[in-house]
Amino acid sequence: MVTSLATFLNTLLYAGVGIFVFLVGFFILDKLTPGKLWAEIHDQRNIGVAIVAGAMALGLAIIVSAAIHG
């Protein structure tokens, strides 16, 4: 499969935009939830909060990928 340089660069651009939007969205969700998610997951070893944060991350990633894909 031969891929042109323009296609490769577009793929990198869309991946970068998607990762950036995902990170911004995740930080916004972190600010909207009570407490600090990372401190609760890492310091307190709260499995329930980790599952909820993972589900939020997956949901946000699906939304971002659907928005980019069209």
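Here, each number is a calculation from the coordinates, and none is a lab measurement. Remember, predicted model here, so these are calculated numbers, not experimental data. Positions of Cβ are backbone-derived with ideal geometry, glycine not excepted, and every protein chain shown enters the neighbour counts.
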### Message
I'd like to check something: does the stretch 17-40 contain any residue that is hydroxyl-bearing (Ser, Thr, Tyr), in a helix (DSSP H, G or I) and at negative phi?
### Response
no
### Query
Under the condition of being of a type in the set (D, E, K, R) and loosely packed, with under 11 Cβ neighbours inside 10 Å, which residue from the stretch 7-53 is nearest to Ile68 (Cα to Cα)?
Lys31
### Message
So for the stretch 43-61 (the condition being of a type in the set (A, V, I, L, M) and part of a loop (DSSP other than H, G, I, E, B)), does at least one residue qualify?
### Response
no
